[in-house]
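Single-structure report; data block below.
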Amino acid sequence: MDGFSFIILLFLLFAASMLFMIFFITFNLKNKRLSVYLTAITATLSAWFAGLVLDANIRFGEPAGFLSFRILLPILAMGLCILNQLMRNRPD
């Protein structure tokens, strides 16, 4: 098994365990604050990994040689998690 396949399998194991923890905490323990944090962490790390894979596989040219998806996607993921919580807790 080469290194890239190992990293993909390791990431899938991490994502599956985080999703299991999110669903377990949300539905069984009713601890909403912890599930929000776990969702934000999982979304941010998943977006970083997707951006890393995109940066490694899309050739862009000089001077930088990459499009900085590994920076852009986690910022967008965290921003969307924050906006989601603000919309849920909005006083009407």
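The values are calculated or read from the model by the stated rules, or taken from the named source; none is laboratory data. None of the values given here were measured: they were computed from a predicted structure. Heads up, the Cβs are rebuilt from the backbone with ideal geometry, glycines too, and the neighbour counts pull from every protein chain shown.
Overview of values
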| item | result |
| --- | --- |
| In the stretch 16-67, residue modelled with the highest pLDDT [restricted to those that are of a type in the set (Lys, Arg) and either surrounded by 13 or more Cβ atoms within 10 Å (Cβ to Cβ) or assigned to a helix (DSSP H, G or I) (or both)] | ARG33 |
| Any hit, the stretch 68-85, residues being modelled with pLDDT of 80 or more, part of a loop (DSSP other than H, G, I, E, B) and surrounded by 10 or more Cβ atoms within 10 Å (Cβ to Cβ) | yes |
